[in-house]
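Q: Please see the structure below; I have some questions.
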Amino acid sequence: MGEGRRVDLDDPASWSGLDEHGMLAMGEDFPRQCREGLAIGEGVELSSRYTEMPANIVVCGMGGSAIGGDLFAKIFEEQLPVPVQVVRDYALPSFVDERTLVIACSYSGNTEEVLSAYREAVARGSRVLAVTSGGQLEQASLANRTPVAKVPGGRPPRASTGYMLMPLVALAPRMGLVPPVSGAVNETLRLLDQQADAFGHHTPAAGNHAKKLAQHLAGRFPLIYGTAPFMGPVAFRWRTQLNENSKVLAISAELPEMNHNEVVGWELGLGMVNRPAVVFLTIADEHPRIADRLLITQELLGEDADPQVEIALGTARLAQVMTAMYLGDMMTLYLAFLNGVDPYTITPINTLKRRLAELT
């Protein structure tokens, strides 16, 4: 954990050697990544079969490659005339058939669960679309002549969300799934540009929300709560970024679901968790009952939880989700530095993959 090393987030020299792979720079270039992802989606060649409305949509992915599917499903939930399901598994649901649009998302192109689902989708005659930087998924797409949105490689999947999501944002209206999204896209990019400047390492902590939030969470156990339906996936994303970037355990849950179970755990939870830090992710136009639940839930958690409310920016769902997610991404990178760890390394995951490969 780098005990004894004092990190000043306003002094890059103090975290020298903790970011040898440039994860902070990858975070800071998120707006550019989103623009590239949109252009990639615009350039995908689609046959007439892909412009017919499917009966349903299934997005297959794991880890950092799956979050794009979660965000896609929630961002367009109010516009899509057909259901969307995100599958984090080897097998597809039984309803998947030739009328289903299956989107296989694997940044590396070698995720075994996604490859299994892709092969099953092809066998069932589904309309299959891939988003990947290469690997076996690209090879299979070329062999089966199914469309592929090929994104740049060489990055961790969790630092490539713009590449994994924004091609789908561009493709959705092209496939007739949703109305034009240019207004939402323009607002999103404008706000992300502003955030890139406000959250960048050159902006002092006094005026840098990402740095201040990292300082608030440093040395504490983060519990991230998002409101259904839009902030739930973002809360999950914050948790997984805290896991992988900051190397800390965290809890994420969704309101109102946590009101039916997790809130009871707080009766004894504070006796087992030292200095919890709760962050609520909300949007400006919450359902009135959700707003009521937020107030009551904060009271139930008590003063020891030190609850803090974060409001997503913008009016478009895309903007609200992406701006809230981006704040979390940048915060977890700074928190990694405060914890004295390299946000790039994921030794336990790599060890697990190696052990699995030895068993194959």
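Q: Take region 302-322 and flag every residue that is modelled with pLDDT of 80 or more and either part of a helix (DSSP H, G or I) or among the aliphatic types (A, V, I, L, M) (or both).
A: Answer for region 302-322, where residues must be modelled with pLDDT of 80 or more and either part of a helix (DSSP H, G or I) or among the aliphatic types (A, V, I, L, M) (or both): 313, 316, 317, 318, 319, 320, 321, 322.
Q: Then there is this: Sort out which residues of region 196-236 are modelled with pLDDT of 95 or more and among the basic types (Lys, Arg), and write them in order of number.
A: 211, 212
Q: Specify the residue that is surrounded by the fewest Cβ atoms within 10 Å (Cβ to Cβ); the eligible residues are those in region 113-164 that are within 23 Å of residue 21 (Cβ to Cβ) and of a type in the set (Gly, Ala, Ser).
A: 154
Q: Still on this structure: Could you please find all residues in region 1-54 being farther than 27 Å from residue 187 by Cα and among the polar types (S, T, N, Q)?
A: 14, 16, 47, 48
Q: For a quick check of your reading: which helices (runs of 4 or more DSSP H) sit entirely within region 122-240 and have at least 3 residues that are under 20 Å from residue 104 (Cβ atoms)?
A: Output list reads 135-144, 161-174.
Q: Any idea how many residues of region 84-102 are surrounded by 13 or more Cβ atoms within 10 Å (Cβ to Cβ) and touching a strand residue (DSSP E or B) at 6+ places or on another chain (Cβ under 7 Å)?
A: Matching residues across region 84-102 total 9.
Q: For region 170-218, which positions are exposed (fewer than 15 other Cβ atoms within 10 Å of the Cβ) and either touching a residue at least 40 places away in the same chain (Cβ under 8 Å) or on the phi > 0 side of the Ramachandran plot (or both)?
A: Within region 170-218, 176, 179, 183, 204 meet the criteria.
The values are calculated or read from the model by the stated rules, or taken from the named source; none is laboratory data. All of these numbers come straight from a predicted model, not from anything done at the bench. Note: ideal-geometry Cβ built from the backbone for every residue, glycine included; neighbour counts use all protein chains shown.
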